[in-house]
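J.: I have a structure I would like to understand better, so I am pasting it below and will then ask my questions one at a time.
The values are calculated or read from the model by the stated rules, or taken from the named source; none is laboratory data. Bear in mind that the values here come from a model prediction, so they are computed numbers and not experimental data. All Cβ positions, glycine included, derive from the backbone under ideal geometry; neighbour counts span all protein chains shown. Ligands, DNA and RNA are stripped out before the accessible areas are found, and what is left, the full protein with its side chains, is counted by its heavy atoms. Shrake-Rupley method; radii C 1.70, N 1.55, O 1.52, S 1.80 Å.
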Amino acid sequence: RAFSRFGLPGGAAGPLEQVDLAATAAEVAALYRLTGDGATVELEGETAVRLPARRDEFKEVLGNLVENARNAGATRVRIMFGPGSCRVVDDGAGVPADLLPRLFEPRFSSTTSGSGLGLAIVRRLVEGWGATVDLESEAGRGTVATIRWP
């Protein structure tokens, strides 16, 4: 599924809409609460943030970021909202500094599982909204993914 998703043409998803980020993130968090694996997904910050995106794509982006955090051993994942931004902060294993620049490359993975397309898809979707996504990480201390709208 990831390979076909990555191969879609840029404008195939339709027009942007004003997405209620907190309400959409609450749906994603509720799904992860059902896993019962001990990892918590929490929402923090402004709850009235509406920004241009595509609702299903935003859910996919959050799902990819939360799943990456869980795969890195995170026990706590916070989805945080502010003016023009959404951050996903985890307490997982983090990523060594030398691998950080390559994480958005298609088919690159810092783990042995997965297709290596999750973050490439995240970047492609986010840029399709006119936004940007950046990662900060420190091995042993977790990762922060920040999506910013202009």
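J.: For the chain, with every protein chain kept in place, what is the accessible area per residue (1.4 Å probe, Å²)?
T.: On the way: 7840 Å² over 150 residues.
With the other protein chains kept in place, the chain gives 52 Å² per residue.
J.: Continuing with the same structure: How much accessible area does D90 have with a 1.4 Å probe, in Å² rounded to the nearest 10?
T.: My reading of the accessible area for D90 is about 20 Å².
J.: Can I ask one more? If you put +1 on each Lys and Arg Cβ and -1 on each Asp and Glu Cβ, how big is the dipole of the chain around its Cα centre, in Debye rounded to 20?
T.: Roughly 300 debye, rounded to the nearest 20.
J.: Then there's this: Among A93, A120, A139, determine the one that fluctuates most according to a GNM of the chain built with springs between C-alpha atoms less than 10 Å apart.
T.: In the Gaussian network model the winner is A139.
J.: Of V95, F81, W149, which is farthest on the positive side of the dipole of the stretch 24-150, counting Cα position, with +1 on Lys and Arg Cβ, -1 on Asp and Glu Cβ, and the Cα centre as origin?
T.: Farthest towards the positive end: W149.
J.: Amide H of F104 versus every other amide H placed in the peptide plane: which residues, excluding those fewer than 5 positions away on the same chain, fall under 5 Å?
T.: none
J.: If you roll a 1.4 angstrom probe over the protein chains with everything in place, what fraction of the accessible area of the chain belongs to carbon and sulfur, to the nearest %? Each step should come with its number before you reach the end.
T.: Details: 4090 of 7840 Å².
Of all accessible area on the chain, carbon and sulfur atoms account for 52 percent.
J.: Next question. Find out how many positive minus negative residues lie around T40, taking Lys and Arg as positive, Asp and Glu as negative, among other residues whose Cβ is under 15 Å from that of T40.
T.: Residues near T40 contribute -2 overall.
J.: Between T24, T75, T35, which gets the highest mean-square fluctuation from a Gaussian network model of the chain, Cα cutoff 10 Å?
T.: Answer for the Gaussian network model of the chain: T35.
J.: Here's another thing I want to ask about it. Mind listing P(r) for the stretch 32-150? All alpha-carbon pairs, 10 Å bins, whole percents.
T.: 14, 48, 34, 5
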